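I have placed the structure first, in the form of structure tokens, so that the comments after it can refer back to it.
The numbers here are math on the coordinates, done by the rules we state, and not lab data. On a predicted model such as this, the values are computed, not experimentally measured, just so you know. Here the Cβ is made from the backbone with ideal geometry for all residues, glycine too, and neighbour counts use every protein chain on show.
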Amino acid sequence: MAKGFNRGPAMGGGGNPMMAQIQKLQKQMAEAQDQLALETVSVTAGGGAIKITMTGDQKCQSVQIDPDFLKDADAEMLNDMVLTAVNLALDKSRELQEKTMGPLAGGLPF
């Protein structure tokens, strides 16, 4: 057999519908990830004394602590409340990510 014959299509999707579908899905996933980086979720803990804002790609954007809360709180209580708020924000951010990315995972061809 001559060299160069009987090869599959070049890596670029040259006529391969599955490759084209994968490339389309990659583009959609990249766009969804870009969108997640722009969207934010916010949660509060301690009756609103602590507010955490996080992006859809799990980057913390702000931590706000009500100054009145600091008058009566000790360090251990503050640590617990911040930890609770951060974990709630992460959970909410993951829910947003699952809602955004989940439908795309259903389109995988394998």
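Okay, here's what the table says:
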quantity	calculated
Dipole of segment 36-90 [Lys/Arg +1, Asp/Glu -1 at C-beta], most positive-end residue of I52, A37, F69	A37
Projected label distance in nm at E98 and A37, using a 7 Å step from Cα toward the beta-carbon	2.5
Cα-projected label distance for F69 with K24, points at 7 Å along beta-carbon direction, nm	4.7
From the C-alpha gyration tensor of segment 36-90, square roots of 5λ in Å	22, 10, 8
